[in-house]
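Undergrad: Below is the structure I would like to discuss, written out as structure tokens.
The values are calculated or read from the model by the stated rules, or taken from the named source; none is laboratory data. Computed from a predicted model, the values in this text were never measured in an experiment. Quick reminder, even Gly has a Cβ in these numbers, built from the backbone with ideal geometry, and neighbours come from all protein chains shown.
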Amino acid sequence: MNKALEFNRIIEKLKQLAISEAAKSQIEALNLMTDPVQIQRHLKETSEANEVLKINTSVPLNGLEGIRSGLAKLKRQEILRPNELESVAYFLKDCQRMTRFMKDKAFAAPQIVTYATGLAELEPISEAISNAIANGQVSDHASQSLYKIRRKIGDVEDRIKQKLNQYLTGAGYQHMFSDAIVSQRDGRYVVPIKSEHKKAFDGQIRDRSRSGGTLFIEPAAVQKLQSELTELRGDEEQEVYRILSTLSNQIAAEMRALELNYEIMTHYDFIFAKGKLSRQMAGIPALLTQEHEIQIINGRHPLLEEKAVPLNLTIASPKKHLVITGPNTGGKTVTMKTVGLFVLMTQAGLHVPCETGTVLPIYDQVLCDIGDGQSIAQNLSTFSAHITNIIKIIESTTPNSLIILDEIGAGTDPTEGMGIGIAVLEALSHKSATILASTHYNEIKDFANKHPLFLNGSMAFNLMSLKPEYKLIIGESGDSNALLIALQLGMSQNLIERAHEISYKTKKDYQAVHEELKQFESHPKEVHPKEVYTKEVHSKVSIEPKSSTKLVKRKPSKFQMGDSVYIHTMKRNGIVVETEDQRGDITVQVMNKKFKVNHKRLSLHIKSDELYPEDYDMDIVTKSKAYRKKAKRVRKGKDEILIVPNALE
């Protein structure tokens, strides 16, 4: 189910924000928690991490890299190498930094600040390592004995090099060398001698070139010094081993404190990864409720980021089953996935991208059937795979389950698919689960419309632009709009009318619809704000129309200024801001935008006198603030009338 809802992608994003393998393993193990106290504690940790990151993003956690292997070796009583000891020292210094880092954060993060009090600083160990190890090597000053041995090694090496230089610069030997360089073979200094001079050069052959033309010979004059150097190297190795052993034993003696530090620091790593994800998504903690109520305010799909269209959704008892309809690619699946992800993330202790006031129930499980479940390995068709999954869902469903079903009943004969869809919804409803389902079947829409426990919803679709708006409208079912889309794309009107007759067993004249679609194509729907302003000022000063304008006597319009009307082509309500013109068009304001709509495409929703009190100034609703300010100054004689060019045309 996590994969179907893409919760696994949230997990991957979260893992990328963690440093330690232990924290990443903790993230991978995230699952649906059902204990409200546990969920609240994890949400609070995420919130506090978010607050701390607002103050300072440089959280001292980098010391977690590389420490895990060192701890594992100590448990096996092995000696740590210099680089592993450095990792331990770096980790302990980060523990010390974390204690200081969290010390002044109690006001922002009272809960997670207390975790730092359990960190053992172990400064003697970190200092001992720092004094003994430098740049991945045991330092000369790690012990007095090591310092003396290395000084002797340096002296002997200098004496060897001086003697070798004498060979390289001496006139009696220069003709014997194939190259004037000194190198080492098995830790012993050698010079390159041409093979024909091997008997004339006193020394021991240590190596030879591939061609055999050059022999690498250790001169006899430095052999005694070489033996002394080899002995000193052995002494150095023993002393280095003793130092590494001493440091490893010193750390092992504090193994319990070190393991506790690791546990606390990896938990901080886990918490701050959640805080970073919250900041990336602009997330907040959802409020939890024991009731079967979902309220999402401006929720955004966590994986779509800025491309996500905000979702507003309320589902509450008794109508806690939502059937969503609308055209393909209209956002039905994304809407349901958003709800499912919000539940999974919240019950995993993560923030969700929404606004304050979002409320989510605590479910015992989220069960879903989404996407193409075709399995080649199991030889299951798409429909068979869906049915197999739905059978398991019905068997597992409890009253505290969230069920998500995408395109229920699809993939088979429409009549039988519709019947299966309704039967499944009824079965799940009898189990009192919360249901989110999508469909194209009109019969399922009608079923949801008549059933007292079901609620219809639809995805908004702009028929003029043929583009989905990805907005959920609760309380009304949507249409696939296939016939209107085909008409808009240029399919003949006769074909559309025949398709309607076949589909709905009734005839319908699409002439008026066709004309309106053409009207919207030839005349931009949206009225530019500046154009509206100039017309408003013009009407206030009662300038007479041009004499060439022909006035046609029309019946009084049934729509008045301020009326709430339903726009059939847009499937939404708007407010009348300009009454009917000579062409029968009315200007309607929808979502702060003004549209010209023919009066035949409008239905009265609520009359203005029922919406506003008596003597209410309708300019507040229909006019811009700039216009009202300007008109007021004109009435007082403080300003001259502003007429924008073309305002009278």
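Undergrad: Which residues, counting only those in the range 230-284, are small (Gly, Ala, Ser) and touching a Ser or Thr at 6+ places or on another chain (Cβ under 7 Å)?
TA: GLY275, SER278
Undergrad: Can you find, within the range 168-222, the residue that is nearest to GLY154 (Cα to Cα) among those that are among the small types (Gly, Ala, Ser) and part of a strand (DSSP E or B)?
TA: Checking each candidate, the answer is SER183.
Undergrad: Mind checking which residues of the range 35-63 are polar (S, T, N, Q) and either touching a helix residue (DSSP H, G or I) at 6+ places or on another chain (Cβ under 7 Å) or surrounded by 13 or more Cβ atoms within 10 Å (Cβ to Cβ) (or both)?
TA: Of everything in the range 35-63, those that are polar (S, T, N, Q) and either touching a helix residue (DSSP H, G or I) at 6+ places or on another chain (Cβ under 7 Å) or surrounded by 13 or more Cβ atoms within 10 Å (Cβ to Cβ) (or both) turn out to be GLN40, THR46, SER47, ASN50, ASN62.
Undergrad: Taking only the range 91-145 into account, find how many residues are surrounded by 14 or more Cβ atoms within 10 Å (Cβ to Cβ), assigned to a helix (DSSP H, G or I) and among the basic types (Lys, Arg).
TA: Within the range 91-145, residues that are surrounded by 14 or more Cβ atoms within 10 Å (Cβ to Cβ), assigned to a helix (DSSP H, G or I) and among the basic types (Lys, Arg) number 2.
Undergrad: Here are the criteria: (1) surrounded by 14 or more Cβ atoms within 10 Å (Cβ to Cβ); (2) in contact (Cβ under 8 Å) with a residue 24 or more places away in the chain. Tell me which single one SER183 does not satisfy.
TA: Tallying (1) surrounded by 14 or more Cβ atoms within 10 Å (Cβ to Cβ); (2) in contact (Cβ under 8 Å) with a residue 24 or more places away in the chain, SER183 fails exactly one: (1).
Undergrad: Is it the case, given these coordinates, that ASN31 is assigned to a loop (DSSP other than H, G, I, E, B), at pLDDT below 95, crowded, with 17+ Cβ neighbours inside 10 Å and of a type outside the set (Ser, Thr, Tyr)?
TA: no
Undergrad: Is it the case that some residue within the range 565-572 is within 41 Å of the chain's Cα centre (by Cα), of a type in the set (A, V, I, L, M, F, W, C), at pLDDT 70 or above and assigned to a loop (DSSP other than H, G, I, E, B)?
TA: Checked against the condition, which is being within 41 Å of the chain's Cα centre (by Cα), of a type in the set (A, V, I, L, M, F, W, C), at pLDDT 70 or above and assigned to a loop (DSSP other than H, G, I, E, B), the range 565-572 yields at least one hit.
Undergrad: Pairs under 6 Å by beta carbon, first residue over 14 Å from TYR262 (Cα atoms) in the range 8-26, partner acidic (Asp, Glu) and assigned to a helix (DSSP H, G or I), six or more apart or different chains?
TA: Going by the 6 Å Cβ cut-off, the qualifying pairs are ALA18/ASP269.
Undergrad: Still on this structure, I have one more. Restricting the search to the range 418-449, which residues are part of a helix (DSSP H, G or I), buried (at least 18 other Cβ atoms within 10 Å of the Cβ) and in contact with a helix residue (DSSP H, G or I) (Cβ under 9 Å, 6 or more places away or on another chain)?
TA: Listed by number, the residues that qualify are MET418, ILE420, GLY421, ILE422, VAL424, LEU425, LEU428, ILE444, PHE447, ALA448.
Undergrad: Go through the range 253-298 residue by residue and tally those that are assigned to a helix (DSSP H, G or I), hydrophobic (A, V, I, L, M, F, W, C) and within 15 Å of VAL52 (Cα to Cα).
TA: Residues in the range 253-298 being assigned to a helix (DSSP H, G or I), hydrophobic (A, V, I, L, M, F, W, C) and within 15 Å of VAL52 (Cα to Cα): 5 in total.
Undergrad: On to the next question. Being of a type outside the set (Lys, Arg), assigned to a helix (DSSP H, G or I), modelled with pLDDT under 95 and within 22 Å of PRO468 (Cα to Cα), is that true of even one residue in the range 299-308?
TA: yes
Undergrad: A further question on this structure: For the range 394-417, how many residues meet the condition of being buried (at least 19 other Cβ atoms within 10 Å of the Cβ), farther than 24 Å from ASP35 by Cβ and at pLDDT 90 or above?
TA: Matching residues across the range 394-417 total 2.
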